[in-house]
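Notes to accompany the following structure.
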Amino acid sequence: MTDEKHALPAPPTEGLFLGKIDEESIYPFPEQDPDEKEIADMTVAAFREWADDNLDSEKIDRDQEIPESVRRQLGELGLLGATVPEEYEGAGFGTTSYCRLVEEMCRRDASLSVFLGAHLSIGAKPLLLYGNPEQKARYLPGVATGETICAFALTEPGSGSDANAMRTTAEWDDAKGVFRLNGNKIWITNGSYAELFSVFAKARGARGNGPGAFIVRRGQKGFSNGPSEHKLGIRGTATTELAFQDVEVAPEDVIGEIGEGFKIALETLETGRLSLGAGCTGGSKECLKMAVEHATERTQFRKTIISFGMIREKLSRMAAHTYGSESAVYLTSGLIDRDHRTLPVEAGYCKVLGSETLWEVVNDTVQVVGGIGYMEEYPYQRSLRDARINLIFEGTNEILRLSGTLEALKEPSHAVTARLKAEKAGLGAEGLEQAMGAIAGQAATVPRWVPEVIAVEGECFAAAVTAFSAKVVDVLRRHRRRILGQQYTLRRLADGAIQLYAMLAVLSRVSTRIAAVGEERSAKEILLARRFIEEAAVRVHHEVEAIETPRDGFDDQLAELLGEEGRYPAPLF
Amino acid sequence: MKILVCIKQVPDKDARLVLDDAGRGIVQADLNWEVNESDRYAVETGLRLKQTLGQGEVVVCTLGPDRARKALNTALAMGADRGIHLSDPDYRGGDPMTVARVLAAVARSEQAELVLCGTRSDDEGYGQTPILLAGLLDRPAVFLTMGVEVQDGSLKVIRELEAGRQEESIVPLPAVLAIQSGIYEVRYTSLKGIMAAKRKKVTQPTPTELGLSSDQIGGTGQRIEVLSMAPPEAGGHCEFIEADKPDVAARELVEKLRREAKVI
């Protein structure tokens, strides 16, 4: 296992920070295994067909409930067991297949995809990742059929992004041989009807101290859930509070080891995030379709509005950004499947990129359709409301920018530290170069597989990587460990890295496509790739050039001022 | 009872069709394909009959290139037991008669008691194959079948007539039925069914194995020659119905749709 891990190529974002593009490991763009692809194709088609006949998203939104019949039918279709291994009655979907399912589901109904995600991506995930064979045999078959709907219970009133502040406890009761769970969890999706909860709590007592993951079943004494919350969007999902009062959990229902709780929670969320990015891609495609439909039908000044530049710009941008985010998601999922690994930084970046792309796409859609976008009887407003949560849950986009970027900075910061030491020791030029080790220190080159037709885009990308990685070294040299607290800078590095990663994915995808079917049949993708890369490169340079600006000082001062005054600080007269 | 269901893979309904350079066919690259709609009802009918009888085998068969395997897999995922993929290049091209010859050979070699087809394909739409097939097999055929059940070793069949009328008849086995779309709910393929389909057997008999010579089938055997295809000409006719009250307007609209447009 260890050897295998060593043999893996570095995560693709690492190279972007180091200025060295690992062009071999991300080309060709990972294809799905043909058998797996066909199963995924058929599953998506079956869901689509079922949804055409049975899904009333307007009603789900209005009633604030996914009807029991819909949940049951999703179970009958086998979709609720997509990622459960075949030996436990599931379909054993890989990451790409699952992302494709979530994408299609989110495209049709965001509530439904969040219901599925809460059940499979995160609810059952601790069991899938860390459950022992007995636990898996006991619970997973029910999970696969949908009889046992799952939920993931981590967030608490005082513990959101800061999971360590968790107050739910699991006290070991030696006399009874059980853990006693006490505490409250909030905003738990599927809270009203889930049968199995993966609950995180801090264990105390003879069986160990530290965070643990516990299985709690509905019906256990002392467990209860509150009413469903009324939300801005994804109103069909049942989001509730959970209360645990001396809920007794047998040691057999501890997932993994006591002390591993945060690790399990984090790993669960890391893998769950990618499918969220995929769902957002689906949402973006649906919005784009609605916007184009309107723009090609709506006539003003005797012209369809798609002929006007300001509408064209929006539609084109929506399509290109969707292509960028889709490419990033499926490059990531493909690498995860191909190399049997996790890519937490990339998955987080995909969640940020996907959710922000969707938010921008849905906003543009509402703008393109004009007044009807604001009317309740049209679906646009629901898309807008549904899209907003994606920037918040499963790790806020701020937290993901921070955590991913700090992780990706580890390698370059080792190199910079070594270089600074070498400088101090008065080593010559050769020594310095050696000390820089991992950092290229020279211009990044265009990947060899980029074909002539998109050579310009390849150069744009290489130049952006060069500028970005040089800035990474510069920032690390100046701040060293203090970088941990430099959120203005980290935010810009994150945004640069996210754009670079998407550019890399787009280049790999379009180059693979051109190699497979030729330029002529790749014309649409070449256009999308050009549009995406041109803008993304500008964004990267923008972040790099303004990595620290006087505005940062103003922001600090203004935020202080606002904190003190508690309101807008400048009366007009 | 052994039931043979003949299905066809056609471009999906939302596909944007483009004529090829010769103007005699459509450009097939980059199209999405699906099982012809009425053929899905044929598969569903076969599966229901097997379910009701509690025994039997549903064999699903398609003629087409490699991509058509997907259509078979869809039928297998719905619950058909086994597949026959007529993928040999010699089968390709042709007209309804050459297709019917191949299907007849399959029906004979399978000794299928009942052959089910959809009424017509959503792409070429000849609507001839099931009838030609029955003729070649010298079996009774029913077109536009709305319902079927097995009764004392024969079939009780309901056939659609004009204007919503129906005809009920007894058809002896073996027989060929062309199934109409929309007669009941076609089951959804479940993920379990999709996984199971991968393990089901699909054979690819050659023309020789079916006892067919190349001049009977495919492009060589075809008699109908397509000269050209053309998209429908754009055009339309708009008429405003003037009436004081909505119910009067509605009545007039219904009348016009029935008498003039003949669409209801």
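The values are calculated or read from the model by the stated rules, or taken from the named source; none is laboratory data. Remember, predicted model here, so these are calculated numbers, not experimental data. For neighbour counting, all protein chains shown are included, and Cβ atoms are generated from backbone atoms with ideal geometry for every residue, glycine included. The area values use the complete protein model at the heavy-atom level, side chains included, leaving out ligands, DNA and RNA. Shrake-Rupley method; radii C 1.70, N 1.55, O 1.52, S 1.80 Å.
Data for the structure
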{"quantity": "Segment A:66-84, residues that are more than 8 Å from every other protein chain (Cβ to nearest Cβ) and either assigned to a helix (DSSP H, G or I) or over 25 Å from the mean Cα position of the chain (by Cα) (or both)", "calculated": "A:P67, A:E68, A:S69, A:V70, A:R71, A:R72, A:Q73, A:L74, A:G75, A:L80"}
{"quantity": "Counted residues, segment B:125-177 - those being open to solvent by 50 Å² or more (accessible area, probe 1.4 Å), polar (S, T, N, Q) and farther than 28 Å from B:Q9 by Cα", "calculated": "2"}
{"quantity": "Near pairs, Cβ below 6 angstrom, 6+ apart or cross-chain, from segment A:86-113 (open to solvent by 20 Å² or more (accessible area, probe 1.4 Å)) to any residue that is among the polar types (S, T, N, Q) and not in a helix (DSSP H, G or I)", "calculated": "A:F93/A:T83"}
{"quantity": "Residue in segment B:80-90 that is within 14 Å of chain A (Cβ to nearest Cβ), within 19 Å of B:I179 (Cβ to Cβ) and part of a helix (DSSP H, G or I) present", "calculated": "no"}
{"quantity": "Residues within segment A:161-175 that are more than 22 Å from the chain's Cα centre (by Cα) and part of a loop (DSSP other than H, G, I, E, B), tallied", "calculated": "5"}
{"quantity": "Boolean, A:Y130 is at pLDDT 95 or above and open to solvent by less than 50 Å² (accessible area, probe 1.4 Å)", "calculated": "no"}
{"quantity": "Selection within segment B:177-202 - within 10 Å of chain A (Cβ to nearest Cβ) and β-branched (V, I, T)", "calculated": "B:V186, B:T189, B:I194"}
{"quantity": "Conditions (1) within 20 Å of A:A347 (Cα to Cα); (2) assigned to a helix (DSSP H, G or I); (3) within 14 Å of another protein chain (Cβ to nearest Cβ); number of the one not met by A:E87", "calculated": "(1)"}
{"quantity": "Residue match in segment A:265-285 (condition: in contact with a strand residue (DSSP E or B) (Cβ under 6 Å, 6 or more places away or on another chain), open to solvent by 30 Å² or more (accessible area, probe 1.4 Å) and farther than 18 Å from A:L400 by Cα)", "calculated": "no"}
{"quantity": "Of residues in segment A:248-271 being closer than 14 Å to A:G131 by Cβ and in a loop (DSSP other than H, G, I, E, B), the one nearest to the chain's Cα centre (by Cα)", "calculated": "A:E260"}
{"quantity": "Selection status of A:F47, buried (at least 21 other Cβ atoms within 10 Å of the Cβ), at pLDDT 95 or above and either away from every other protein chain (no Cβ under 14 Å) or assigned to a helix (DSSP H, G or I) (or both)", "calculated": "yes"}
{"quantity": "Within segment A:161-175, tally of residues that are touching a residue at least 12 places away in the same chain (Cβ under 8 Å) and either out of contact with any Phe, Trp or Tyr (no Cβ under 8 Å at 6 or more places or on another chain) or open to solvent by less than 60 Å² (accessible area, probe 1.4 Å) (or both)", "calculated": "10"}
{"quantity": "Enumeration of residues in segment B:10-67 that are assigned to a loop (DSSP other than H, G, I, E, B) and of a type in the set (G, A, S)", "calculated": "B:A15, B:A22, B:G23, B:G25, B:A29, B:G54, B:G56, B:G64"}
{"quantity": "Test for B:Q28: is it within 14 Å of chain A (Cβ to nearest Cβ), of a type outside the set (F, W, Y) and open to solvent by less than 20 Å² (accessible area, probe 1.4 Å)", "calculated": "no"}
{"quantity": "Complete set of residues in segment A:197-218 that are in contact with a helix residue (DSSP H, G or I) (Cβ under 6 Å, 6 or more places away or on another chain), closer than 22 Å to A:H119 by Cβ and not aromatic (F, W, Y)", "calculated": "A:S198, A:G212, A:A213, A:I215"}
{"quantity": "Residues (crowded, with 21+ Cβ neighbours inside 10 Å and either touching a strand residue (DSSP E or B) at 6+ places or on another chain (Cβ under 8 Å) or part of a strand (DSSP E or B) (or both)) located in segment A:143-160", "calculated": "A:V143, A:T148, A:I149, A:C150, A:A151, A:F152, A:A153, A:L154, A:E156"}
{"quantity": "Residue identified as outside any helix (DSSP H, G or I) and modelled with pLDDT of 95 or more among A:V506, A:V450", "calculated": "A:V450"}
{"quantity": "Near pairs, Cβ below 7 angstrom, 6+ apart or cross-chain, from segment A:14-32 (under 13 Å from A:T445 (Cα atoms)) to any residue that is polar (S, T, N, Q) and open to solvent by 20 Å² or more (accessible area, probe 1.4 Å)", "calculated": "A:G19/A:T466"}
{"quantity": "Single match in A:E534, A:E525, A:E543 (criterion: surrounded by 13 or more Cβ atoms within 10 Å (Cβ to Cβ), within 14 Å of chain B (Cβ to nearest Cβ), within 27 Å of the chain's Cα centre (by Cα) and touching a residue at least 12 places away in the same chain (Cβ under 8 Å))", "calculated": "A:E525"}
{"quantity": "Filter result for B:K156 (of a type outside the set (V, I, T) and within 14 Å of another protein chain (Cβ to nearest Cβ))", "calculated": "no"}
{"quantity": "Looking only at segment A:90-99, and only at residues there that are within 13 Å of chain B (Cβ to nearest Cβ) and part of a helix (DSSP H, G or I), the one that is nearest to A:Y193 (Cα to Cα)", "calculated": "A:Y98"}
{"quantity": "In segment B:64-121, the residues that are of a type in the set (K, R) and under 15 Å from the mean Cα position of the chain (by Cα)", "calculated": "B:R120"}
{"quantity": "Candidate set from segment A:176-192 (those that are assigned to a loop (DSSP other than H, G, I, E, B) and in contact with a strand residue (DSSP E or B) (Cβ under 9 Å, 6 or more places away or on another chain)); member that is surrounded by the fewest Cβ atoms within 10 Å (Cβ to Cβ)", "calculated": "A:K176"}
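Conditions (1) crowded, with 16+ Cβ neighbours inside 10 Å; (2) within 14 Å of chain B (Cβ to nearest Cβ); (3) closer than 25 Å to A:T83 by Cα; (4) touching a His at 6+ places or on another chain (Cβ under 7 Å), marked per residue:
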site	(1), (2), (3), (4)
A:T13	yes, no, no, no
A:F17	yes, no, no, no
A:Q32	yes, no, yes, no
A:K37	no, yes, yes, no
A:L55	yes, yes, yes, no
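Per-residue answers, yes or no, for (1) modelled with pLDDT of 95 or more; (2) closer than 24 Å to A:V102 by Cβ; (3) acidic (D, E):
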site	(1), (2), (3)
A:L353	yes, yes, no
A:E356	yes, yes, yes
A:T365	yes, yes, no
A:G371	yes, no, no
A:Y378	yes, no, no
